[in-house]
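Peer 1: Got a structure here, written out as structure tokens. Questions coming.
The values are calculated or read from the model by the stated rules, or taken from the named source; none is laboratory data. Values in this document were obtained by computation on a predicted structure and should not be read as measured data. All Cβ positions, glycine included, derive from the backbone under ideal geometry; neighbour counts span all protein chains shown. SASA here: full protein model, heavy atoms, side chains in, ligands and nucleic acids out. Shrake-Rupley method; radii C 1.70, N 1.55, O 1.52, S 1.80 Å.
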Amino acid sequence: MTLTETNSWTGIRAELLRRIHDRVWQPGAQIPHEADLAEEFGCARTTVNRALRDLADSGLVVRKRRAGTRVALNPPQRATLTIPILREEVEALGRSYRHSLLERDLRPLPPMLHGAFQVTLGSDVLFLKTLHFSDERPYAYEERYINLEAAPEARDRSFEDVSANEWLVHNAPYSHGDISFFAVNADKTLSHKLDTSPGTALFAMERITWAGGLPITHVRLIFAPGYRMRTEI
């Protein structure tokens, strides 16, 4: 890698990551000081600091004041999860997609969600129920709450032409989120919506995203039988 390729923090990060992966720096090894790396790469010390902070946030290096930076002995093994746009997910299977907005309402947040999805007390949230289709067959049933403090433009969106799932991915960038996966048995309502028999085991997930300390949306998705989730490690 040439000097011009490494004088940005992303270029420096890539080079430091290469040295870690290639065992130029062994697990537990001390990484050169920021000033030495800045001189090597011909950049400001703050640029090196930014690259090292990103590696520390990823758990690949350990930084301690006065002790310097070391390669992590046991770096975390993390799966990469992105929020899928269901339309794109269906179309990637070579199928046609559409969605049907079943309910749209402004209402207070249910008490059972107050602990996990902390919106301003007394504020209404936008509640949506949506059914997603693949080749005219039910694909996923969605129940969603949107915090209008985090996404105020959502108040004026009908979400009939573009689903809330797709609109939020494009218009409400998130900094972090929580996600859980579980199985549910189809009750009478779910079996009707997802065209399956009562008692059928269904794959479900709940997800909350934030912009800093401000919650954006809480969504529960329940998929029709046969759904399979894939990710990368």
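Peer 1: Just one of [x] 49; [y] 55; [z] 27 is percent of Cα pairs over 28 Å apart as worked out from the coordinates here. Which one is it?
Peer 2: Among [x] 49; [y] 55; [z] 27, the one derived from this structure is [x].
Peer 1: Further, regarding this structure: Using a basic spin-label model with each label point 7 Å from the Cα along Cα→Cβ, how many nm lie between residue 44 and residue 214?
Peer 2: A separation of 2.8 nm, rounded to one decimal place.
Peer 1: Roll a 1.4 angstrom probe over the protein heavy atoms and tell me the percent of accessible area of the chain that is carbon or sulfur.
Peer 2: 48
Peer 1: Within 10 Å, count the other beta carbons around each residue, average over each peptide in 213-222, 58-67, and list them highest first.
Peer 2: 213-222, 58-67
Peer 1: What's the FRET efficiency of residue 137 with residue 229 using the Cβ-Cβ distance as r and R₀ = 25 Å, to the nearest 0.05?
Peer 2: Once the sixth-power term is evaluated, E becomes 0.85.
Peer 1: Looking only at 178, 57, 135, which one moves most when the chain is put into a Gaussian network model with springs between Cα atoms under 10 Å?
Peer 2: 57
Peer 1: Another question, if that's okay. Relative contact order (percent) for the chain, with alpha-carbon contacts under 8 angstrom and 6 or more residues of separation?
Peer 2: Value for the chain: 15 percent.
Peer 1: Local charge sum around residue 51 (other residues, Cβ-Cβ under 9 Å, Lys/Arg +1, Asp/Glu -1)?
Peer 2: +1
Peer 1: What number comes out for accessible area per residue over region 1-152 if the probe is 1.4 Å? Units Å², please.
Peer 2: On a per-residue basis, 58 Å².
Peer 1: Related question: Charges only on Cβ, +1 for Lys and Arg, -1 for Asp and Glu: so what's the dipole of the chain about the Cα centre, in debye to the nearest 20?
Peer 2: Taking the Cα centre of the chain as origin, the dipole is about 820 debye.
Peer 1: Can you compute the FRET efficiency between residue 8 and residue 153 using 1/(1 + (r/R0)^6), with r the Cβ-Cβ distance and R0 = 45 Å? Round to the nearest 0.05.
Peer 2: Computed FRET efficiency for residue 8 and residue 153: 0.85.
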